[in-house]
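Dropping the structure in here first, questions after.
The values are calculated or read from the model by the stated rules, or taken from the named source; none is laboratory data. In this text, all values refer to a predicted model and were calculated from it rather than measured experimentally. Please note: Cβ atoms are built from the backbone with ideal geometry, for glycine as well, and neighbour counts cover all protein chains shown.
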Amino acid sequence: MKLNKTLLALAVSTFLLAACSDDEKDASLTDGTQNATSGINDASTNGLSGDSGMNGSGMSGNGDYASTLGPEFNDPNNPLSKRTVYFMLDSSEIMPDFTPVIAAHAQYLIANPGQRITLEGNGDERGSREYNIALGEQRAKSVASIMKVQGVPENQLDIVSYGEEKPAAFGNDESAWEKNRRVEIVYQPK
C-alpha cells in the first residue's frame, strides 16, 4: 500500500512538473518522458523481454479508434501510442514503467473532455474464472485511480473486466501469460 502511494505521488509530481515547465524545459522533460517510456519496450525491470511484443501498444479487439485521433497516437516515441499496461502475476499494482503512459493518457483526456475511454482489465488463464474477472477489474480500477488523481473525471472512464476470456496471446507458458496480464486503454468514438 505504501508503494502504491509512493508511485501515485511520483505520477502526480511528474504531471505537475510537465504542466509548469517553460518551452525549453518542456523539450527536456518530453525527452525524459520518452526515455522513461522506452523502458516499456525492453521492460528489463519487470522481467518482460522486448522480443515478447510487450511494448504497450496492444490493440483491443474493438478496433483501433485511437489511431484516428491524431498523429501522436501512431508515433512510437509518444506515450499515447502505448495503450496497454502490463502487470505482474496476481497483482494489480502499477509498475513504474507504465506511470508515464497512464499520465500521458490522463493529460489527453483532461485536454479533451468529450473523449471517453474504456479500461479493459485482463488476466492470464491461471486461476478460476471468478478470480480472473475480479483481478482484471482491480487492474482496471488501479489505472482509473491514477487517472482520477491526475484530474480525469469519472464520466470519461468506463471499466470492464474480461478476466481470461480475451487473451492477447495463446499458450500455456510464461511468455503468453505475461502478455495476457494487462489493462488495455480503448478510446471510444464520440
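So that you can scan it fast, the table gives a plain yes or no per residue for (1) out of contact with any strand residue (DSSP E or B) (no Cβ under 9 Å at 6 or more places or on another chain); (2) of a type in the set (S, T, N, Q); (3) within 14 Å of Arg83 (Cβ to Cβ):
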{"position": "Ile102", "(1), (2), (3)": "no, no, yes"}
{"position": "Ala111", "(1), (2), (3)": "yes, no, no"}
{"position": "Glu125", "(1), (2), (3)": "yes, no, no"}
{"position": "Leu135", "(1), (2), (3)": "no, no, no"}
{"position": "Ser142", "(1), (2), (3)": "no, yes, no"}
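Within region 140-161, which residues are farther than 12 Å from Thr118 by Cα and surrounded by 19 or more Cβ atoms within 10 Å (Cβ to Cβ)?
From region 140-161, those farther than 12 Å from Thr118 by Cα are 142, 145-153; that's our starting set.
Within region 140-161, Ser142, Ile146, Met147, Gln150, Val152 qualify.
Can you go through Gly121, Gly151 and tell me which one is among the small types (Gly, Ala, Ser), in contact with a strand residue (DSSP E or B) (Cβ under 6 Å, 6 or more places away or on another chain), closer than 24 Å to Ser67 by Cα and at pLDDT 95 or above? Quick ask: steps written out before the conclusion?
Values: Gly151 fails: in contact with a strand residue (DSSP E or B) (Cβ under 6 Å, 6 or more places away or on another chain).
Only one candidate qualifies: Gly121.
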